[in-house]
Amino acid sequence: MFDRRLLTHFDWVLLGMICLVASIGIVNLYSATGSWETGGTPVYIKQIYWFGLGIAIALAVCVFDYRHLEYMGFFFYGVNVFLLVGVLLFGKTTMGATRWIDLGFFNLQPSEVMKIVIIITLACHFNRKGHAFGHNLKELLPPFSLLAVPVLLIMKQPDLGTAMLVVFIGMTIALFSGIQKLTFIVLSVLGVAGACGGWFLLHDYQRERIYTFLNPERDPLGSGYHIIQSKIAVGSGGFWGKGFMKGTQSQLSFLPERHTDFAFSVFAEEWGFVGSMGLLALYLLIIIWGLYIARRAADKFGMFLALGVVAMLFWHIVVNLGMVIGLLPVVGVPLPLFSYGGTSMVTTMIGVGLLLNVSMRRFKF
Amino acid sequence: MGLNSGWSGTPGLKNRFLIISLAATGIFLLLLMRLWYLQIISADAYLQLSEKNRLRYVPIEAPRGSIYDRDGALLVDNRPAFGVSILRQDVEDTNDLLTALSGYLGEDLATLQERYAKGKRLPPYRPLPLAEDIGRDRMEMVQENAQDLPGVLTVVRPTRAYPYQESAAHVLGYLGEITEQQLRSPEFYGYRTGDFVGKSGLEKHLEPYLRGREGERRLEVDVRGKLLRNIQTRDPFPGNRVYLTLKKDLQLAAEAAFGDQAGAAVMLDVHTGEVLAMVSRPSFNPAAFASGITAEEWIHLLKDPRHPLQNKAIKGQYPPGSTFKIVTALAALKAGLITPSTVVDCKGSLEIGDREFRCWKKEGHGKTNLKKALKESCDVWFYQIAQDVGIDRISEEAMALGLGQSLGIDLEGEKDGLIPTREWKRKRFGTRWYDGETVIASIGQGYVLTTPLQLAVMTAAVANGGTVYRPQVVKKIVDLAGNVLVENTPQVLEDNPIDKKNLQAVKAGLEAAVNEPGGTAWSRRLEKIKVAGKTGTAQVVKLKDKDSKDNDEGKIPYKFRDHALFVAYAPADNPEVAVAVVVEHGSHGGSVAAPVAMAMIANYFGVDVEPQADKVPYAGD
């Protein structure tokens, strides 16, 4: 039943690069949390478990033909939107945000799942309705509506970072599917106007983050602290870095959130510009390789699927790095494969599984 | 649909992939440029910021420079003061610890708790001072039990020590905590709250030389300020050594001779202006200030009516009394208005206008010339000649001899004294000068005020023939490597050579006062050293119908009694030293001030003060 030819076409290059980045990430976590006196399993060991689970999930995702998803895309979408509504009704509230549904053994975060589901959903949509000559406003209305419903629900939680990422993923797929020039201009104008209008819908803490991003020094011990300390960590790494386990910013705890959102700062401090550049190159290779998979996909659906996953990885990387090096405001976006966290690992590895799936089925049989 | 057919064949798709790849690469390049900016262009600045995050500097106090006398005898040193501090992060149970410490330190638990609470505002890496100067025994007890006292540190702080206690305390000065105001002034740049600085005397005047360069411990701390390790220590560098012009043994002898009396004494080298001894009584023990004086002790010192903190040698202003007659005599001789043989018949008083001016000797001195006038301190002789000399000539002579102006001694707070002139009086009171005022000024009363230091300088100028040297107490300042930073040489302030004949005439009178029977200090002369001097009595208040007998001790209250003065130089024929002594409310110069001066001269020349067999009872002013 399992075609042996699929194994010959398995994308070892992608899996190799993914494993390499994840390994660097685990070594980095070892350094970031080495000084912690914690009972129980050390963070980097837990991350190894998560990565193991992630590999298993990715392989599981490879097993069935991705084309089956085409028939289930809208079903997934419906369930996910239902769950997002559920979150708002009976979600678990921590730190002012309601993001999780407690399933007893597991905290489900439907907004995170939405990142994958929106890819599948839009892939389905553009596979059926898409054409190569550029869409007009009317044609774009259905996909934008598909995007808007979950995004508004996620913003309500509130989780601006995830909502933004879902928008970025959706827009990337839409843009790639082709948009007429005039439509693009109109949309851009509407987008800018919407952003201005959205300013008033933001929560105070979200606005605070943007103020702080624009001028971190206005509150160096409060909301500006993260970004200042992160820039100090990255900058003080210099060209060669301070050496493994020798980053004073991270080892002496000046850097907050250093095992999650600011894991890259630890890496940049200890490995310097050389290390940062290497890691950046690896991520870029994964992105380019993902685009190459999309380019070679056997069908339109596979191409959009691969492209969506690439967009998801790309925007996570860019938003996270932009944040830790002070180019973007602080939004809680993890760096894929690098930041500690099960949810992020699982989402990323589902995406990787989809890429592998599309890649190994690039030839029609 | 064939292999790779359909969508992938769409025209322009290849371009879209190219564009999207380039866009992704472009955004990554943007990130890389930012990293370049942070990690290469701004790396140094960020490295400094990260070092600032993790490094803390804790100063180590430097010992202040030691002070020696002219022969290298130690006058001020430092001793180790042991204290107990607490590194809060290592404390397991604060209450247990403080309870245990209260036993070892012999202090109330409540007191320790209060200090602990107060010290909590210090960052965690800074040891919290709990007890200071606890003594070696208690320190050893704490150290022996260190195992059971986690977080306790014994610390050693250099603290001022004074081997001779109160001796020369006014010259040396005392320390105190730096004030808020001083901290703000640029002069005290680099000082911190809690630092000790010189508050008076040389400690104040030589602060920049005496203060050492503090050392520093570099500590690594984490984000909570917890001390992780000691990275580097720079040892403190002690302050410079200061050598004074004082002679320790002479200083001690002078102080011993003073006994419980209040007043001041200064001895100078007549050829250099170097201060060989400077005494101000009563004194205080500067050690009490070394580690912070209590408010009680401080108020006690401030309220003492005899002003133990004041250096009377430079800040006390006294009427010079009859010691001023030296000035009047020189002024008269210089003006050519008298000769040494000018005779005045003293009948015990002199009427000028409608006022009667009395001589201290009721029955009068009879026919008196200059020598006798100085020897027996006849007032009438001076009343008589002063009317011709006039205040201006007297003032001019006084100033030429160093009176009426601060002399620039290297101690803070020197007073000017006062030599009145017509001009001064017009400005001060808006009235003209009266002849009667000249008459009382001629015997050093009225407006005339001098400091003991000025009297010593004046005497030295007479002794050396008219040169006024700047009085100095610092001989040299030497750094630890032995380099001489400051070396004081004699400085001439005024050089008005006195006519030989005039000088001779005055000196003869001064020699007679000590060495001839009937002289006011005859009873205090030294056998082996020929001393020349002049006694003086300075009125504190005018008593009506004052009688010499009424002025005896016991009959009038202490604070209204006259000051006793004595100025002298020795040896009379070839003067080396000059001395001035003021005993507050000591009544008579000859009987009270002269013994102190003689004891100093005897000590300087290494001779004994023999008890005088032919001591006559009190003789005059």
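The values are calculated or read from the model by the stated rules, or taken from the named source; none is laboratory data. Keep in mind that what you see is a predicted model, and the values were worked out from it rather than measured. Neighbour counts run over all protein chains shown; Cβ positions are idealised from the backbone, glycine included.
Looking at (1) within 9 Å of chain B (Cβ to nearest Cβ); (2) touching a residue at least 60 places away in the same chain (Cβ under 8 Å), can you tell me which one residue A:308 breaks?
(1)
Determine which member of the set A:291, A:313 is under 11 Å from the mean Cα position of the chain (by Cα) and either modelled with pLDDT of 95 or more or within 18 Å of residue A:115 (Cβ to Cβ) (or both).
A:313
Is there a residue in segment B:344-364 that is touching a residue at least 24 places away in the same chain (Cβ under 8 Å), within 30 Å of residue B:268 (Cβ to Cβ) and aliphatic (A, V, I, L, M)?
no
Just checking, does segment A:97-109 include any residue being in contact with an Asp or Glu (Cβ under 8 Å, 6 or more places away or on another chain), free of Cβ contacts under 8 Å to residues at least 24 places away in the same chain and outside any helix (DSSP H, G or I)?
No.
Taking segment A:150-166, which residues are surrounded by fewer than 19 Cβ atoms within 10 Å (Cβ to Cβ) and either within 27 Å of residue A:302 (Cβ to Cβ) or in contact with a Ser or Thr (Cβ under 6 Å, 6 or more places away or on another chain) (or both)?
Residue satisfying the conditions is A:164 alone.
Restricting attention to segment A:68-86, does a residue exist that is charged (D, E, K, R), assigned to a helix (DSSP H, G or I), out of contact with any His (no Cβ under 8 Å at 6 or more places or on another chain) and modelled with pLDDT under 95?
Checked against the condition, which is being charged (D, E, K, R), assigned to a helix (DSSP H, G or I), out of contact with any His (no Cβ under 8 Å at 6 or more places or on another chain) and modelled with pLDDT under 95, segment A:68-86 yields at least one hit.
If you scan segment A:110-149, which residues turn out to be hydroxyl-bearing (Ser, Thr, Tyr) and without any contact (Cβ under 8 Å) to a residue 40 or more places away in the chain?
Selection gives A:145 alone.
When you scan segment A:298-337, how many residues do you find that are in contact with a Lys or Arg (Cβ under 6 Å, 6 or more places away or on another chain) and either β-branched (Val, Ile, Thr) or more than 26 Å from residue B:42 (Cβ to Cβ) (or both)?
Adding up the residues that qualify gives 4.
Among the helices (runs of 4 or more DSSP H) contained in segment A:142-255, which hold 1 or more residues that are of a type outside the set (Lys, Arg) and away from every other protein chain (no Cβ under 11 Å)?
Counting at least 1 such residues, we get A:160-177, A:181-199, A:204-214, A:225-236.
Here is a check on your reading of the model: is residue B:363 under 37 Å from the mean Cα position of the chain (by Cα), among the acidic types (Asp, Glu) and surrounded by fewer than 24 Cβ atoms within 10 Å (Cβ to Cβ)?
When the stated conditions are applied, residue B:363 does not pass them.
Answer yes if at least one residue in segment B:549-562 is at pLDDT 90 or above and crowded, with 24+ Cβ neighbours inside 10 Å, and no otherwise.
no
Among the residues of segment A:260-273, count how many are crowded, with 20+ Cβ neighbours inside 10 Å and either more than 26 Å from the chain's Cα centre (by Cα) or over 18 Å from residue B:39 (Cα atoms) (or both).
The number of residues fulfilling the criteria is 1.
Let me confirm something: among B:402, B:413, B:408, which residue is among the small types (Gly, Ala, Ser), in a loop (DSSP other than H, G, I, E, B) and crowded, with 17+ Cβ neighbours inside 10 Å?
None of the others qualify; the one that does is B:402.
In this structure, does residue B:457 turn out to be closer than 22 Å to residue B:275 by Cα, part of a strand (DSSP E or B), in contact with a strand residue (DSSP E or B) (Cβ under 7 Å, 6 or more places away or on another chain) and among the β-branched types (Val, Ile, Thr)?
Considered against the rule, which asks whether it is closer than 22 Å to residue B:275 by Cα, part of a strand (DSSP E or B), in contact with a strand residue (DSSP E or B) (Cβ under 7 Å, 6 or more places away or on another chain) and among the β-branched types (Val, Ile, Thr), residue B:457 comes out as no.
Here is a yes/no grid of residues against (1) within 29 Å of residue A:236 (Cα to Cα); (2) within 14 Å of chain A (Cβ to nearest Cβ); (3) polar (S, T, N, Q):
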position	(1), (2), (3)
B:41	yes, yes, no
B:61	no, no, no
B:76	no, no, no
B:95	no, no, yes
B:100	no, no, no
B:105	no, no, no
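Restricting to segment B:46-59, count the residues that are at the interface with chain A (Cβ under 7 Å from one of its Cβ atoms) and touching a Pro at 6+ places or on another chain (Cβ under 9 Å).
Final tally of qualifying residues: 0.
Mind checking which strands (runs of 3 or more DSSP E) fall wholly inside segment B:190-304 and carry at least 2 residues that are surrounded by fewer than 18 Cβ atoms within 10 Å (Cβ to Cβ) and not small (Gly, Ala, Ser)?
By residue number, B:215-221, B:227-234.
Can you tell which of B:209, B:318 is touching a Ser or Thr at 6+ places or on another chain (Cβ under 9 Å) and among the aromatic types (Phe, Trp, Tyr)?
Going through B:209, B:318 in turn, the sole match is B:318.
Considering only residues of segment B:4-36 that are at pLDDT 75 or above and of a type in the set (Val, Ile, Thr), which is nearest to the chain's Cα centre (by Cα)?
Here the answer is B:27.
Could you look through segment A:331-365, keep only residues that are of a type in the set (Ser, Thr, Tyr) and either more than 14 Å from every other protein chain (Cβ to nearest Cβ) or part of a loop (DSSP other than H, G, I, E, B) (or both), and pick out the one that is surrounded by the fewest Cβ atoms within 10 Å (Cβ to Cβ)?
Across segment A:331-365, the extreme among qualifying residues is A:343.
Can you tell me which of B:321, B:316 is at positive phi and either crowded, with 16+ Cβ neighbours inside 10 Å or touching a residue at least 40 places away in the same chain (Cβ under 8 Å) (or both)?
Among B:321, B:316, only B:321 is at positive phi and either crowded, with 16+ Cβ neighbours inside 10 Å or touching a residue at least 40 places away in the same chain (Cβ under 8 Å) (or both).
Take segment B:429-462 and flag every residue that is hydroxyl-bearing (Ser, Thr, Tyr) and crowded, with 21+ Cβ neighbours inside 10 Å.
B:438, B:442, B:450, B:451, B:459
Just checking, which of B:219, B:227 is closer than 24 Å to residue B:191 by Cβ, aliphatic (A, V, I, L, M) and either over 40 Å from the mean Cα position of the chain (by Cα) or in the same structural domain as residue B:121 (by TED's automatic domain parsing) (or both)?
From the options B:219, B:227, the qualifying one is B:219.
Out of all the residues in segment A:257-301, which are more than 7 Å from every other protein chain (Cβ to nearest Cβ) and of a type in the set (Ser, Thr, Tyr)?
Result: A:260, A:265, A:283, A:292.
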